[in-house]
Amino acid sequence: MRKFTVALFLLLAAVPTRAENLLTNGDFANGFAGWTIKNDGPGLGGQAEVLSALGNITPSASPQFALVSTGPAALRGSITKTIGSLSQPFVVPTDQEVQITFTYGLVTSLFTGGDNAYVDRFWIRIVDSNQGSQDLIVARTSAVGFLTVDGSLITSPAGCNFAEYTPLTPFSTSLTLTAGTYKIEFRAQNGINSLFDSGILVENVQVNTTAPALSVGGKL
């Protein structure tokens, strides 16, 4: 009996730890279930859409991706500095390392490469319950190597127009977080203009933690 108990303990102790995704619907298969969309005013601010394609841009590994944008210029009117935000909260139960992965790309109708007041900005970040944040990606239309769309403008179903884009790119990083509530946020913001649309494409969003392996206690 003692040999059996020792063998069982060693077997269970050797079981690999189990990765747990702290997010729900990170592939947007159920639309925006679990996600929060924010803008700076009804009909004026940012928008979010779930798409199977945006022009010739298609998801790299999923049936669909999300587009969070500053919203179409036709609806913004003269409103400037509009913000589109897509976020989801998650809970880290104990102090531990988490692995954050997603695939993203940027789109804009702004003439890129010039650093001026018309520059649009993008953030992907982790925000804690005290509104402190840790940036994962920070970009601006003046400093990112955009490619030009072939042919005419790309138009999303909601009416956003884009002339330039960056290829979809996988991102992965590890962060050590203390126990608590956080959110992952994808954020696009206009500069001082109301004429140009910008946004972030994102797919396969995961925040994975590692659960403790099973173990057996007792006297040997």
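The values are calculated or read from the model by the stated rules, or taken from the named source; none is laboratory data. Note that the structure is a prediction, hence the values are computed from the model and not measured. Reconstructed Cβ throughout: ideal geometry from the backbone, glycine too, with neighbour counts over all protein chains shown.
Counting residues that are modelled with pLDDT of 85 or more, among the aliphatic types (A, V, I, L, M) and closer than 25 Å to residue 208 by Cα, which strands (runs of 3 or more DSSP E) fully inside region 1-119 reach at least 1?
Filter on region 1-119 gives 36-38, 47-51, 65-69, 83-92, 96-108.
What number of residues within region 163-192 are under 18 Å from residue 122 (Cα atoms), among the small types (Gly, Ala, Ser) and in a strand (DSSP E or B)?
Of the residues in region 163-192, 2 are under 18 Å from residue 122 (Cα atoms), among the small types (Gly, Ala, Ser) and in a strand (DSSP E or B).
Is there a residue in region 163-181 that is over 19 Å from the mean Cα position of the chain (by Cα), modelled with pLDDT under 95 and of a type in the set (Phe, Trp, Tyr)?
No - not one qualifying residue is present in region 163-181.
Before we move on, is residue 135 over 14 Å from residue 185 (Cα atoms) and either of a type outside the set (A, V, I, L, M, F, W, C) or modelled with pLDDT under 95 (or both)?
No; evaluated as a whole, the condition is false for this residue.
Against the condition surrounded by 17 or more Cβ atoms within 10 Å (Cβ to Cβ) and hydroxyl-bearing (Ser, Thr, Tyr), how does residue 103 come out, does it pass? Before the answer, list the steps.
Values: surrounded by 17 or more Cβ atoms within 10 Å (Cβ to Cβ): yes; hydroxyl-bearing (Ser, Thr, Tyr): yes.
Taking the combined requirement at face value, the residue satisfies it.
Search region 140-155 for residues being assigned to a strand (DSSP E or B) and among the hydroxyl-bearing types (Ser, Thr, Tyr), and hand back the single one that is surrounded by the most Cβ atoms within 10 Å (Cβ to Cβ).
Selected residue: 155.
Could you list all residues from region 148-159 that are modelled with pLDDT of 90 or more and either of a type outside the set (S, T, N, Q) or more than 15 Å from residue 201 (Cα to Cα) (or both)?
Residues of region 148-159 that are modelled with pLDDT of 90 or more, as a first pass: 154-157.
Scanning region 148-159 gives 154, 157.
Tell me, yes or no, whether region 122-145 has at least one residue that is among the aromatic types (Phe, Trp, Tyr) and farther than 30 Å from residue 19 by Cα.
So in region 122-145, the residues among the aromatic types (Phe, Trp, Tyr) come out as 122-123.
Still in the running and farther than 30 Å from residue 19 by Cα: none.
Within region 122-145, none of the residues are among the aromatic types (Phe, Trp, Tyr) and farther than 30 Å from residue 19 by Cα.
If a residue has to be more than 19 Å from residue 26 (Cα to Cα) and surrounded by 12 or more Cβ atoms within 10 Å (Cβ to Cβ) to count, how many in region 170-187 make the cut?
Residues that pass the stated criteria total 2.
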